[in-house]
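Asks: Okay, handing you the structure first.
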Amino acid sequence: MIASAPGKAILFGEHSVVYGKHAVVSAINLRCYAKAEKSREIRIVSNFGTTSLDFKGFHAYISYAIKRFREIKPISGVEIQVKSQIPPASGLGSSSATTVSVLHAMNAEFEAGLSKDEIFELAKRVELDVQGIGSGTDPFISTFGGCWVLPEKKRFDTKLEFSVINSGKPSVTAEMVRKVRMLKERYPEIINPILDSMDSIALSGFHALEKNDLSKVSELFKINQSLLRALGVSTPEIDEIVAEVEKKGHSAKITGAGGGGCLLTTGEGDMRIKLSSEGVRLEDHEVWNSV
Ligand code: PMV
């Protein structure tokens with residue numbers, strides 16, 4: 001059976017969300033496709049290569065997904081093939097989209113009868129297995145799709161579209177989160193107001209997105225990016241990209257942890273993305289062959 005799940009973009013609120021502030025997060029129309037077939041052994045095939053269970057390598061998420069699935073439905077083996085449209089380590093939720101699509105494909109192939117809520121819980125477990133920490137936001141978005149305000153989990157819609165620019169360097173979430181925490185510990189009286197501003201930006205951003213007000217979103221992107229830079233999660237390469245975009249009258253901001261990874265822009269980018277995409281779903285062979 002074949003399943004697909006979307007990646008995600010953080011429109012507003014990365015880093016401040018760690019401290020309980022609001023964030024706006026959406027599923028995007030870049031997806032990961034996974035095929036699960038009954039087999040006597042375990043075989044995992046992706047762009048990165050072919051392995052068996054590979055808990056420490058590039059198939060860590062898929063390996064833990066199989067392990068957690070087997071705790072619910074004992075199976076002797078499975079062949080998993082994965083094709084992803086989401087650039088890895090870019091802040092676009094590639095790992096969760098992989099995990100969720102693999103779990104959903106296995107659920108269908110082995111008729112385990114898991115609900116979406118149960119798939120989400122398993123995917124959250126896998127995120128913790130691999131990363132040690134994780135808010136569960138990415139598995140949530142990959143499972144249910146849509147556009148959300150966190151922490152309330154309020155769903156809304158927007159027609160706005162953006163483009164993505166890849167800074168070319170991988171994003172290292174844990175390192176960036178640690179960096180911000182250290183800065184906040186050293187200068188609480190300076191950093192706390194920045195986090196409060198980010199909270200206000202996320203709330204204004206949500207209203208602007210809901211009203212499809214691109215020029216306001218663009219203004220808020222600009223302020224948000226300046227504050228992310230103040231937190232130390234931008235890079236000279238990202239600053240250069242932002243300056244180029246702003247010269248053309250648009251704006252761009254980091255999406256995700258920064259230190260590399262992708263930017264969202266109101267201008268032109270490497271690829272166009274739509275928001276509010278559908279969550280995990282089954283696919284047919286025709287779709288699989290066309291990916
Ligand atoms: O880099 P990503 O897509 O995993 O996003 C990280 C977002 C942070 O706010 C920096 C951390 C978090 O857990 O919310």
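The values are calculated or read from the model by the stated rules, or taken from the named source; none is laboratory data. None of the values given here were measured: they were computed from a predicted structure. So basically every Cβ, Gly included, is an ideal-geometry build from the backbone, and we count neighbours across all protein chains shown. We work out accessible area using only protein heavy atoms, side chains counted, and drop any ligands, DNA or RNA first. Shrake-Rupley method; radii C 1.70, N 1.55, O 1.52, S 1.80 Å.
Asks: Let me know the whole percent of all Cα-Cα pairs from region 121-259 that are separated by more than 23 Å.
Replies: Values: 4171 of 9591 pairs.
I get 43 percent for the Cα pairs in region 121-259 exceeding 23 Å.
Asks: With every protein chain left in place and a probe of 1.4 Å, what is the accessible surface of residue 138, to the nearest 10 Å²?
Replies: Answer for residue 138: close to 40 Å² accessible.
Asks: Between region 169-217 and region 50-120, what's the alpha-carbon centroid distance in Å?
Replies: Going from one Cα centre to the other spans 31 Å.
Asks: For the chain, what is the accessible area per residue in Å² when the probe is 1.4 Å? Mind dumping the intermediate values first?
Replies: On the way: 13070 Å² over 291 residues.
Roughly 45 Å² per residue, with all protein chains present.
Asks: Hey, got a sec? Which trypsin sites (Lys or Arg not before Pro) in region 76-167 land in a DSSP loop and have at most 16 other Cβ atoms within 10 Å?
Replies: Working: sites: 83, 116, 124, 125, 153, 154, 155, 159; in loops: 153, 159.
Hits after loop and neighbour filter: 153, 159.
Asks: Let me ask something else about it. Take residue 116, project a point 7 Å from its Cα along the Cβ direction, then tell me which residues of region 51-78 have their backbone nitrogen under 20 Å from it.
Replies: Taking a point 7 Å out along Cα→Cβ of residue 116, no residue of region 51-78 has its backbone N under 20 Å.
Asks: Hey, which of these cross-link pairs are over 22 Å Cα-Cα: 124/184; 184/248; 56/124; 21/222?
Replies: Numbers: 124/184 28 Å; 184/248 34 Å; 56/124 18 Å; 21/222 19 Å.
In this structure, 124/184; 184/248 lie more than 22 Å apart at Cα.
Asks: Kindly provide the GluC sites (Glu not before Pro) of region 242-291 that DSSP labels as loop, not H, G, I, E or B, and whose Cβ sees at most 10 other Cβ atoms within 10 Å.
Replies: Details: sites: 244, 246, 268, 278, 283, 286; in loops: 268.
For GluC sites (Glu not before Pro) across region 242-291 that sit outside H, G, I, E and B with at most 10 neighbouring Cβ atoms in 10 Å, the list is empty.
Asks: Show that you can apply the helix-only estimate: for the chain, add -39,500 (n - 2.57) for every DSSP H stretch of four or more residues, divide by all residues, and state [θ] at 222 nm to the nearest 500.
Replies: After summing the helix terms and dividing by residue count, I get -14000 deg cm²/dmol.
Asks: How do 182, 271, 176 rank by accessible surface area computed with a 1.4 Å probe, from largest to smallest?
Replies: Sorted descending by solvent-accessible area, the residues read 182, 271, 176.
Asks: Please report, as a whole percent, how much of the solvent-accessible surface of region 158-259 comes from carbon and sulfur atoms (probe radius 1.4 Å). List each step's numbers first, then the result.
Replies: Working: 2780 of 5190 Å².
Of all accessible area on region 158-259, carbon and sulfur atoms account for 54 percent.
Asks: Roughly how many percent of the accessible protein surface of region 1-104 is carbon and sulfur, given a 1.4 Å probe and a whole-percent answer?
Replies: On the way: 1980 of 3810 Å².
Ligands and nucleic acids excluded, carbon and sulfur reach 52 percent.
Asks: Cut-off under 16 Å on the C-alpha distance; same-chain residues fewer than 8 positions from residue 38 excluded. Which aspartates and glutamates are left, in chain and number order?
Replies: In chain and number order, the partners are 79, 109, 111.
Asks: Based on the alpha-carbon gyration tensor of region 1-46, what equivalent-ellipsoid semi-axes (square roots of 5 times the eigenvalues) come out, in whole Å, largest first? Show your work: numbers first, answer last.
Replies: On the way: eigenvalues 235, 33, 11 Å².
Taking √(5λ) for each eigenvalue gives 34, 13, 7 Å, largest first.
Asks: About the Cα centre of the chain, how large is the charge dipole given +1 on each Lys and Arg Cβ and -1 on each Asp and Glu Cβ? Please answer in debye to the nearest 20. Don't skip to the answer; put the middle values down first.
Replies: Numbers: 36 positive and 36 negative charges, 61 e Å.
Around 300 debye, computed over the chain.
Asks: So which GluC sites (Glu not before Pro) in region 86-141 are both in a DSSP loop and have at most 10 other Cβ atoms within 10 Å of their Cβ?
Replies: Here the sparse-neighbourhood loop sites are 111.
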